[in-house]
Amino acid sequence: GLGLMGHGIAQISAAAGFRTVGVDLNADVLANGQHAIETSVAKLNARKASKQEGFDDKAATEETLARLTYASSVDAVAQCDLIVEAIVEDAAVKEKFYADLGARAKPEAIFASNTSSLAVAPMALASKRPDRFVGLHYFNPVQLMKLCEVVATPKADDHVLELVDGWATLTGKVTVRCKDTPGFVVNRLLVPNLAAAIAMAERGDAAIQDIDAAMCLGAGHPMGPLQLADYVGLDTCLSILAGWCDQYPTEPAFFVPPSLMAK
Ligand code: 3HC
């Protein structure tokens, strides 16, 4: 997928020197993803040139973009060593996708899902290569956020985890390891916080702008929780929270604020 997360992942891979194929079945998303990559690579290199004398940003941009190819068929990844999936957050769609991918990719290829809230193990099982399957969770905007969570299911091979962790590090990320638990580290702590902020605004405890200002200035967050919920996407927040409420009805931290449900 070459949407919000996928285009960023493809970009940092190419920028780090890896030949990269960006795939999306939807022609518009593919074109928008390619455009977003081209704009972002040029912008980041221009910024680097302004700070680093002698850095040729035009040449660097050309080099990065030359490592990227684009395709609208999954067959284009047949020869890839690592396949990072960032498609729709729907367990049934992902499992079907992995059953198909397992049959098309080369046997030694490693699969990594950028799922933000789904269990990794069922996808790993569907791919028929659970030892070569990990979670690789990035943060929006991928190009600027420094973290990548590396998620291990009980069946993941230690050597595969090392390889993927090493790759993510080469693409400029700091990695943390985590078990295959709901939301991993960041979303487990962050998304309920966004829900609590939405509920606070719904109750009228404080104005939206004041809640955001309070968390920026009083807790040192770069964005307030309501701005961040928009930035992540209210659809994504809803799908994460609704999925958790279904699966873990007794966990009090998981709830869907009514106004989010109305979306
Ligand atoms: N590529 C290139 N440049 C980009 C960019 C991109 N994709 N996105 C933004 N920029 C640029 C901006 O255009 C701006 O350029 P300028 O200086 O020329 O105007 C520059 O980066 C910095 O932007 P800001 O001035 O807005 O500066 P900030 O210091 O506020 O940084 C931020 C922006 C990094 C987004 C910061 O606000 C931040 O950290 N926000 C919180 C983001 C966050 O929490 N993300 C995680 C969400 S959870 C998630 O993704 C998980 C998922 O599973 C739900």
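For segment 1-99, what is the convex hull (Cα atoms) projected area averaged across all directions, in square nanometres?
If you wrap the Cα atoms of segment 1-99 in a convex hull and average its projections, you get 6.6 nm².
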Exercise. With every protein chain left in place, what is the accessible area of Cys80 in Å² (1.4 Å probe, nearest 10)?
Worked result: 30
Exercise. When all protein chains stay in place, what accessible area (Å², nearest 10, 1.4 Å probe) is found for Glu63?
Worked result: 110
For this session: Find how much the distance from Ser73 to Asn193 grows on full extension, using 0.36 nm per residue of separation minus their present alpha carbon separation; answer in nm with one decimal.
Result: 39.4 nm
For this session: Order Arg203, Arg129, Arg104, most accessible first, counting only protein heavy atoms with a 1.4 angstrom probe.
Result: Arg203, Arg104, Arg129
Seminar exercise, completed: With the 1.4 Å probe rolled over protein heavy atoms, the chain has an accessible area per residue in Å² of 51
For this session: Can you tell me the order of 246-254, 6-14 when each peptide is scored by its average per-residue count of other Cβ atoms within 10 angstrom, highest first?
Result: 6-14, 246-254
Exercise. On the accessible surface of segment 1-113, probed at 1.4 Å, how many percent belong to carbon and sulfur atoms?
Worked result: 53
Exercise. Could you give the length gained on full extension between Asn140 and Leu65, defined as 0.36 nm per residue of separation minus the Cα-Cα distance, in nm?
Worked result: 24.9 nm
Exercise. Which whole-number percentage describes the relative contact order of segment 1-40, with Cα contacts under 8 Å and a sequence gap of 6 or more?
Worked result: 51
Problem set entry | Area of Val29 that stays accessible when all protein chains are in place (1.4 Å probe, Å², to 10) | 50
Seminar exercise, completed: With the 8 Å Cα cutoff and a minimum separation of six or more residues, segment 1-160 has a relative contact order in percent of 22
For this session: Enter the Cα centre distance for the pair segment 117-169 and segment 173-203, rounded to the nearest angstrom.
Result: 18
Exercise. When you take every Cα atom in segment 164-211, what is the radius of gyration, and what is Dmax, the widest Cα pair distance, in Å?
Worked result: 16.4, 47
For this session: For segment 124-134, take each phi angle, set θ = phi - 60°, evaluate the Karplus expression 6.51 cos²θ - 1.76 cosθ + 1.60, and give the result in whole Hz per residue in order, putting x for glycine and proline.
Result: 4, 5, 4, 6, 6, 9, x, 6, 10, 9, 9
Exercise. How do the peptides 230-237, 51-58 rank, highest first, by the average count of neighbouring beta carbon atoms within 10 Å per residue?
Worked result: 230-237, 51-58
Seminar exercise, completed: Proximal lysine pairs in the chain, meaning Cα under 16 Å and 8 or more positions apart or interchain, come to 9
For this session: Note the full-extension length gain between Lys58 and Asp158 as 0.36 nm times their separation in residues minus their Cα-Cα distance, in nm to one decimal.
Result: 32.0 nm
For this session: Would you kindly derive the ³J(HN,Hα) couplings of segment 242-249 from the backbone phi angles with the Karplus curve 6.51 cos²θ - 1.76 cosθ + 1.60 (θ = phi - 60°), listing them in order in whole Hz, with x for Gly and Pro?
Result: 5, x, 5, 4, 5, 7, 10, x
For this session: Compare Ala124, Ala92, Ala15 in a GNM of the chain, Cα atoms joined below 10 Å, and give the one with the largest fluctuation.
Result: Ala92
Exercise. Which distance in nm do the two modelled labels at Val185 and Lys48 give, with both placed 7 Å along the Cα-to-Cβ direction?
Worked result: 2.6
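The values are calculated or read from the model by the stated rules, or taken from the named source; none is laboratory data. What you are looking at is a predicted structure, and each value in this text was computed from that prediction instead of being measured. Methodologically, a virtual Cβ is constructed for each residue, glycine included, from the backbone with ideal geometry; neighbour enumeration extends over all protein chains shown. These accessible areas exclude ligands, DNA and RNA; they are computed on the full protein's heavy atoms, side chains included. Shrake-Rupley method; radii C 1.70, N 1.55, O 1.52, S 1.80 Å.
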